[in-house]
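Here the structure is laid out as structure tokens; the discussion comes afterwards.
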Amino acid sequence: FHRSEVKMSGQKEVTFIMVKPDGVQRGLVGEIIKRFESRGFQLVGCKMMSPSKEHLEKHYADLKSKSFFPGLIKYMSSGPVVAMAWQGKSVVKTGRAMLGATNPLESNPGTIRGDFCIDIGRNICHGSDSVESGKHEVELWFGEKTEDYSLCTESMIYE
Ligand code: UDP
Ligand code: MG
């Protein structure tokens, strides 16, 4: 390994960020994309789609036993979503911090949920909660179809 390759490998971390149906309806797609772009993260996948109930049940498989699960699937099926894969150093943890707490009333102002929503069942966005689930969710929503390219601003973002 050259030193530069070691540094690069950390920057290849990916997270799955989704604008949920309420975020799309409320016109917050651009705002959410803007925050990740401005921070310096790299968009490597983006599509608007209406996921099937089966797909959403796979995505939220770990919550299947929860009482809010049927309502969650109904909410997530209520309209199109914008599915995105974002790449960069520590993008999973930083992405979660940018989203805010699951319950928007516990999200700090300055976070996406803390600035734009109120109820837990209408919290406008999703973000992967670990490096492993980031990989898994990007694979589930995009398969192999994410883009591999370098940003010409990279040396302005990373030291
Ligand atoms: N959710 C809900 N009621 C709850 C907990 C969660 O409606 O009591 C919804 C909420 O939209 C949340 C999603 O289920 O974003 C997934 O829950 P998780 O605990 O994974 O929160 P997240 O990772 O989205 O912050
Ligand atoms: Mg989660």
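Tell me what the chain gives for mean residue ellipticity at 222 nm when only DSSP H runs of n ≥ 4 count, each as -39,500 (n - 2.57), the sum divided by the residue total, rounded to 500 deg cm²/dmol.
-11500 deg cm²/dmol, from helical runs alone.
Quick one: putting +1 on the C-beta of Lys and Arg, -1 on the C-beta of Asp and Glu, what dipole do you get for segment 1-108 around its Cα centre, in Debye to the nearest 20?
The calculated dipole for segment 1-108 is roughly 160 debye.
Between GLY110, VAL131, THR153, whose Cα lies farthest towards the positive end of the dipole of segment 104-154 when Lys and Arg beta carbons carry +1 and Asp and Glu beta carbons carry -1, centred on the Cα centre?
About the Cα centre, the residue reaching furthest to the positive side is GLY110.
For ASP62 and CYS152 in the same chain, what is the full-extension length gain: residue separation times 0.36 nm, less their Cα-Cα distance, in nm?
Contour length minus Cα-Cα distance gives 28.6 nm.
Aspartates and glutamates near LYS89 by alpha-carbon distance under 14 Å, same-chain residues fewer than 8 away left out - which ones?
GLU5, GLU13, GLU37, GLU154, GLU159
In terms of Cα to Cα distance under 18 Å, which lysines are near enough to LYS74, apart from those fewer than 8 places away along the same chain?
Partners within reach: LYS20, LYS53, LYS58, LYS64, LYS66.
Just want the answer: with Cβ charges of +1 for Lys and Arg and -1 for Asp and Glu, which residue in GLY45, ALA101, SER67 is farthest toward the dipole's positive end in segment 34-159?
Projecting each Cα onto the dipole axis, the largest value belongs to SER67.
Among the complete DSSP H segments of the chain, which ones combine at least 18 Å of alpha-carbon extent along their axis with a mean Kyte-Doolittle hydropathy of 0.0 or more?
none
Step by step: find N for the chain, compute 2.2 N^0.38 Å, then divide the Cα radius of gyration by it. What's the final number?
Computed over Cα atoms of the chain, the ratio equals 1.05.
Read-outs: derived from the displayed coordinates by stated rules, not from any lab. Everything numeric in this text was worked out from a predicted model, so none of it was measured. FYI the Cβ positions are ideal-geometry reconstructions off the backbone, even for glycines, and counts take in every protein chain you see.
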